[in-house]
1. Please determine whether any residue of the stretch 44-54 is modelled with pLDDT under 90 and in the same structural domain as Tyr174 (by TED's automatic domain parsing).
2. For the stretch 88-128, enumerate the residues that are under 17 Å from Ile164 (Cβ atoms), free of Cβ contacts under 8 Å to residues at least 24 places away in the same chain and surrounded by fewer than 23 Cβ atoms within 10 Å (Cβ to Cβ).
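The values are calculated or read from the model by the stated rules, or taken from the named source; none is laboratory data. Predicted model only: the values in this text are computed from it and were never measured. Cβ placement follows ideal geometry from the backbone for every residue including glycine, while neighbour counts extend to all protein chains displayed.
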Amino acid sequence: MQPSKEREAADGDPLDDLDDLLDDDLSSDGGSVSGPDRDDDTRKDTRDDTRRGAGIRDRIGLNGRWFSLRGFAIALVAIGLGVFLGGMLPLIGGTIGHAAGVLLGAFLVGLVFSKRRYVETGIAGAGVGAGSALLNVLGIGFLPIGLRYIQEWGLALLAVGGGIGLVLALVGHYFGRDLRAGVTERVE
């Protein structure tokens, strides 16, 4: 970090410092010199935009940096399709098939995406897991009995189903990304 930036960053946000360092490295146009070849006006404009709130908007993920709505939709469809197909397995359908479907759907999301999508996949897995647990109870027995059971145990059922779905989705996404890294990286 340059001395002038150290004085400015003393009271600022640490993420602004990181953004400035990354901007300096990326602005070098392939050369080894970073930072000085960029206009001071451009640097001031980006710092002013960050102070005005553009940096805050970036950090909460409206540009897809922390949360991507498209990534969430794809993860939700993949996990939902996995749960549907897992529930159709002849001998192990039901709860085990749905859990395997969450794991498989999240695995495929991790395998396909080049970026980390743990947040999107985790939320999709928790939602699908909670919904699957709720629908499994409604499918058992007579509808009024299932509704009474949901009235008594519904929140606990949603929490357990969502928690299991979250864990399975994160594990599946991790192993999918691990396989992708193993296949795409060069072996030395």
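1. no
2. Within the stretch 88-128, Ile92, Gly93, Ile96, Gly97, Ala100 qualify.
Conditions (1) outside the structural domain of Ala75 (by TED's automatic domain parsing); (2) in contact with a Cys (Cβ under 7 Å, 6 or more places away or on another chain); (3) in contact (Cβ under 8 Å) with a residue 40 or more places away in the chain; (4) outside any helix (DSSP H, G or I), marked per residue:
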{"site": "Ala130", "(1), (2), (3), (4)": "no, no, no, no"}
{"site": "Leu135", "(1), (2), (3), (4)": "no, no, no, no"}
{"site": "Ile140", "(1), (2), (3), (4)": "no, no, no, yes"}
{"site": "Tyr149", "(1), (2), (3), (4)": "no, no, no, no"}
{"site": "Arg177", "(1), (2), (3), (4)": "no, no, yes, no"}
{"site": "Arg180", "(1), (2), (3), (4)": "no, no, yes, no"}
